[in-house]
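Read-outs: derived from the displayed coordinates by stated rules, not from any lab. These numbers come from a predicted model, not from an experiment. Cβ: placed from backbone, ideal geometry, glycine included. Neighbour counts: every protein chain shown.
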Amino acid sequence: KAKEDQDRAIHEKKKKLKAAIEAGKSIPTELRKEEAELRKELEFDDQNTNKYIEDRDDEYKWAGVEDPSILVTTSHEPSSKLKQFAKEMKLIFPNSQRMNRGNHVLSELTQACRANNVTDLIIVHEHRGQPDGMIISHLPYGPTAYFTLCNVVMRHDIEKIGHMSEAFPHLIFHKFSSKLVFAIRLGTVDEENTADVEWKIRPYLNTAKKRKWLETTES
């Protein structure tokens with residue numbers, strides 16, 4: 001967020017300087033100390049770089065061009081069932097790797113992902129041995145989505161299901177009529193206590209007329 005604010009400020013300064021030069025007016029007083037440096041940057045601007053685009057608004061600009069790099073991990077001290085669930089998530093999300101959480105704190109984990117060009121960090125949580133939550137954090141700047149999982153049935157719980165294909169899956173949401181319970185925050189997962197909430201289901205929304213559904217239930 002701080003870097004975005006800095007980039008936006010520089011863009012506005014270059015915009016003011018360029019307007020003053022083109023209009024033949026004197027350089028604004030607040031820009032005179034930075035005029036030389038700003039002029040150098042203006043020389044290298046073209047139609048693609050002279051526009052300011054926020055990273056969070058262009059976070060998926062490489063979607064369909066470059067494959068994502070996904071890391072799947074768990075909360076601390078996971079049960080054997082949560083570990084198994086993380087393994088199954090690795091098979092669901094293409095081009096993903098699973099890592100044991102160990103003693104890594106969120107800040108260290110997120111920084112390591114950034115350093116290794118990981119595009120998305122997925123963390124699964126549990127309650128009394130049952131998977132009940134999933135966090136998907138887009139890197140390097142966010143946003144981060146928090147999902148609630150209910151009545152999870154893993155493929156290992158189904159008898160005679162056979163081996164799972166390694167082919168990239170197609171996600172089908174038809175007939176998904178369960179309540180959509182989650183929140184979205186700006187920033188990455190390690191910034192949970194400081195990042196702004198972009199959207200969140202709150203109790204007063206949970207009425208018959210205002211429930212959020214993945215798909216409208218057929219009457």
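The simple spin-label model puts a point 7 Å past each Cα toward its Cβ; for Arg32 and Met99 those points are separated by 5.1 nm. For segment 84-95, 3J(HN,Hα) computed residue by residue from phi via the Karplus equation (6.51, -1.76, 1.60; θ = phi - 60°) reads 5, 5, 4, 5, 5, 5, 4, 6, 7, 8, x, 6 Hz, glycine and proline entered as x.
With the simple spin-label model, which puts each label point 7 Å out from Cα in the Cβ direction, the Phe44 to Phe147 separation comes to 4.0 nm.
Applying the Karplus relation 6.51 cos²θ - 1.76 cosθ + 1.60 with θ = phi - 60° to segment 121-132 yields 3J(HN,Hα) values of 10, 10, 10, 9, 10, 8, 9, 6, x, 10, x, 9 Hz, where x marks Gly and Pro. In the structure shown, do any of Lys87/Lys200; Lys13/Lys40; Lys14/Lys40; Lys81/Lys175 have a Cα-Cα gap over 20 Å, and if so which? Beyond 20 Å between Cα atoms: Lys87/Lys200; Lys81/Lys175. Inverting the pair-averaged 1/r between distinct Cα atoms of segment 66-153 gives 13.1 Å as its Kirkwood hydrodynamic radius. Spatially, segment 86-107 and segment 62-82 are offset by 4 Å when compared through their Cα centroids. The stretch between Phe176 and Lys200 holds 6.7 nm of extra length on full extension. This uses 0.36 nm per residue minus the Cα-Cα distance. Note on Ile161/Glu77: beta-carbon distance plugged into 1/(1 + (r/R0)^6) with R0 of 25 Å gives a FRET efficiency of 0.30.
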